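For reference, the structure discussed in these notes is given below.
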Amino acid sequence: MADEQQKADLTMAHEDLYHEELFTDRRVGTIQRLTPVTKDGGPDTTRSVIYVGQTQILTPAGGLPITFEIDAGSLGEATRKFAESAEVAIEDTMKRLEEMRREAASSIIVPGSGGAAGGVPGGGVPGGGLKVP
């Protein structure tokens, strides 16, 4: 069966490398600056620097990490745009979670499909348990 499974392609894309730096205010999150480099580690001036924000929101299940790109040309601009970009990413995440919740709630369980109670039709053993003689 292991031969039938596809192997993940773990080849590094040497034409798409970045030098990574992290900045944080130790309060609301981090900004990751990804500076393009060549396969030899030198600056790649043909590509733009990318800024990625990271924060988390607290949910009943614990912290939910939120990662988002920040459209900025400098670290200072990225810090100024952090809150606005984070709010958009949080709104998008909440919409996706609500969509997933709706889909799960409206799922139709077909008898014999392995859905409820290990595939027992009706969601369990009829009669609720032991029979008394």
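Based on alpha-carbon atoms, the Kirkwood radius and the radius of gyration of the range 1-56 give Rg/Rh equal to 1.19.
To the nearest 0.05, what FRET efficiency results for Arg27 and Glu99 with a Förster distance of 25 Å applied to their C-beta separation?
0.25
Converting phi to 3J(HN,Hα) with the Karplus coefficients 6.51, -1.76 and 1.60 and the offset θ = phi - 60°, the range 71-86 yields 7, 8, x, 8, 5, x, 5, 5, 5, 5, 8, 4, 4, 4, 5, 5 Hz in sequence order, with x at every glycine or proline.
In plain terms, the residue of Ser106, Ser85, Ser48 with the fewest other Cβ atoms within 10 Å comes first and the most crowded comes last, giving Ser106, Ser48, Ser85.
Below 8 Å, C-alpha to C-alpha, sequence gap of six or more: please give me the relative contact order for the range 17-105 in percent. Over the range 17-105, the number comes to 19 percent. Loop-located GluC sites (Glu not before Pro) across the range 1-60 with a Cβ neighbour count of 14 or fewer within 10 Å are Glu4, Glu15, with loop assigned by DSSP. As a rough footprinting exposure proxy, the listed residues Val88, Val52 were ranked by other beta carbons within 10 Å of their own, and the order from fewest upward is Val88, Val52. Computed over the range 54-102, relative contact order equals 28 percent, with contacts defined as Cα pairs under 8 Å that lie 6+ residues apart.
FYI, it's all coordinate maths here, none of it is from the lab. Since the structure is predicted, the reported quantities are computational estimates derived from the model, not experimental observations. Note that we place each Cβ from the backbone using ideal geometry, even for glycine, and neighbour counts take in every protein chain shown.
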